[in-house]
Amino acid sequence: MPTSPSVVSTPTPPSRVHRNRRADLIVTLVALALAVWVTSGLWRDPNGRTITVNSSDQALFEWLLAFGGHALTHGQNPLFTHMINFPDGVNLAVNTSITVYAAVFAPLTYLIGPPATFLVILTLNLTATAVAWYWLLNRQFTRSPLAAGLGGLFIGFSPGMISHANAHLNWTAGWLVPLLIWRVLALRHAGHRVRDGVILGVLVAVAFSIAAEGLFFTALALGLFVVVWALHPASRAEARAALPGFLGGLAVTALVAGVLLAYPLWLHFAGPQRFDGTGFDAVTHSEDIASYVAYPRRSLAGEAGLRTNLAPNPTEENSFFGLPLLLLAVAAFVLLWRRVQQPPQRATLWALGAVAAAFTVLSFGPQAKVDGRRFDLPMPFDVLAHLPVVNAALPARFALVVAPVIGVLLAYTVDALRAEPPRSRPARIAWLVAFAVALAPLIPTPLLTIEREPIPRFFTSGAWQEYVSPGGILTPVPLAVDVYPDGQRWQAYVLANRQGEFRIPSGFFLGPGGPDGRGRIGPVPRPMSAIFDQAARQSVVPIVTEGTRQDVQADLRHWQIETVVLPDQVHGAKWDVDEEAVRRTATELFGEPERVEDVWVWRIPPG
């Protein structure tokens, strides 16, 4: 491993510690202000507003926080549950279970509720990602706090991070990456291989429990960087000298992480309700080549009308750097290549370039696309697409690795320009203008939010307890899935407020049953769920035949449903719901309902 990752070698000035403390405070405050700015729509009313483009994922993470805290405080398994998708259950080890967050923030979840806790974590994620990258750059890579601050803030609020701030608590936990890099670099010191291996092993376990896919991408990127750096002629001798200690530390890391993750990994790869791959189409969820020069929606450029529809959805704008920034990154690489004098420093630049190039190409997925037009060309992703773990990754997300590389290059460049400014005034102005033109359009704008239907009084008052036996089965109509998240929101409220337990059939999760043995979102639809989905989505009350009744009765027996609930307002994550059509459909199937508080209730006789 390189003894000095920085491409600019400089002595530490005497006043460095004081300047660092002041810079640390400034960068932290700026990062916090930007994070609050991005999430400001939710801060207006944490319990009453939701992210417009991804309210279903927000509801899922709120449920995960509530269930995780409940499971840990009630001695239940936090990685497998029958609380949703009863009676089959859900393997949360193959879902984004954020177990560590659920445990650490359980007191806050009980105190202020899952929606507000979700918002706190999302805001802290964005803040901590920028601060952690700044800290790594300032302490390990650069001598200028300004350079480190610019690089850290760019990475923490890059287009991909802002896109995934649309409710992805796992992907916005980018603060894990600089910590992992820091501890991997520490393994090059053979004198503390056991201590450093233990620390890294614990960190790997934490990262797996918060963002397993992000950990996988980080491991691939670090592995590629180390291999390319070690194979460079200028670094081979240093690599050979560091290799024994490095491998020893990795062995300790593997042992510690393996012990801590033995059960989660077994669940993930061999447990019940597992699956291979996902139900997401790799071609659809790959980066359009043109997206690298496009601008994201939630940015100043996007607000000015320069946004595009090149991403499959607003949460997957993983590149979208804009042409000026790409040109600046290339110019920065050339400047640094010319300025560095020592071959080992060029080896570092060479490895960074290799990582950026490789992950850019992998993000194109199995089929190249340019401005929406597909080309039938062989792509490198095809070589890896069928490997375990890789087959569960969305190729577009490989682009998320490119942003930190650009951020590091920008930090290096500012550091180099401050150490040795251009001799001519026009050149200095040109660099300043280049940074402004490249970065100003990417300044993030707040996430779009809307009002969300409140939790019915039927649940907030505890009235539901009279209609469901302890641990019994209650279902909303339409049944809970990703596009109808109400059932899990109600359950999250009940768990967080310690009102007891009820279970629900169906739900929003990843499970088996997809094409070719792959996973899918939610369970395989049954007749009853399809009937209510049609009523909700198309305002169609079905003609109920004897066969329809038999199918619905079979589903009621399969799910062991005791109570069916319809609120006055149903939250549809993708479209409006026709509550009247749903009520008429339920009445046709179950008879006349009771009016309890602010919901319609149908009691289902046993058997």
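The values are calculated or read from the model by the stated rules, or taken from the named source; none is laboratory data. Just so it is clear, the model here is predicted, and its values are computed rather than measured. Cβ atoms come from the backbone with ideal geometry, glycine included; neighbour counts cover every protein chain shown. Just so you know, the surface numbers come from the protein's heavy atoms only, side chains and all, with ligands and any DNA or RNA stripped out. Shrake-Rupley method; radii C 1.70, N 1.55, O 1.52, S 1.80 Å.
Residue order by solvent-accessible surface for TRP229, TRP43 is TRP43, TRP229, largest first, with ligands and nucleic acids left out and a 1.4 Å probe. Taking 4 °C and 1.567 mPa s as conditions, the chain diffuses translationally at an estimated 50 µm²/s according to Stokes-Einstein applied to its Kirkwood radius (Cα pairs). The calculated FRET efficiency for the pair GLU592 and ASN391, based on their C-beta separation and a Förster distance of 41 Å, comes to about 0.25. With a ≥ b ≥ c the root eigenvalues of the C-alpha gyration tensor of region 215-295, is it rounded (a/c under 1.5), prolate (a/b larger than b/c) or oblate? Oblate, because a/c is 1.5 or more while a/b does not exceed b/c. Accessible area per residue for the chain, computed on protein heavy atoms with a 1.4 Å probe, is 41 Å².
Helix 527-538 against the longest principal axis of the chain: what's the angle in degrees, Cα atoms only, rounded to the nearest 10? That helix lies at roughly 70 degrees to the long axis. Net length available on complete extension from VAL370 to VAL202 is 56.3 nm, with 0.36 nm assigned per residue and the Cα-Cα distance removed. Between region 359-422 and region 122-181, the alpha-carbon centres lie 18 Å apart. Helix 402-419 versus the longest principal axis of the chain: what angle, 0 to 90°, nearest 10, using Cα atoms? Helix 402-419 and the main axis of the chain meet at about 30 degrees.
For the chain, the longest principal axis of the C-alpha atoms and the axis of helix 579-590 are separated by about 50°. Overall, the accessible surface of the chain at a probe of 1.4 angstrom is composed of carbon and sulfur to the extent of 62 percent. The separation of region 531-607 from region 244-296, counted between C-alpha centres, amounts to 39 Å.
Here the simple spin-label model places points 7 Å from the Cα toward Cβ, and for SER469 and ALA530 these points are separated by 3.1 nm. A convex hull fitted to the Cα coordinates of region 9-133 yields 167 cubic angstrom per residue.
Net length available on complete extension from GLN342 to ASN77 is 90.0 nm, with 0.36 nm assigned per residue and the Cα-Cα distance removed. With the Cα gyration tensor of region 251-294 giving a ≥ b ≥ c as the square roots of its eigenvalues, does the rule (a/c under 1.5 for rounded; else a/b larger than b/c for prolate; else oblate) give rounded, prolate or oblate? It comes out oblate by the Cα gyration axes. Considering only the Cα atoms of region 373-507, their convex hull presents on average a projected area of 16.8 nm².
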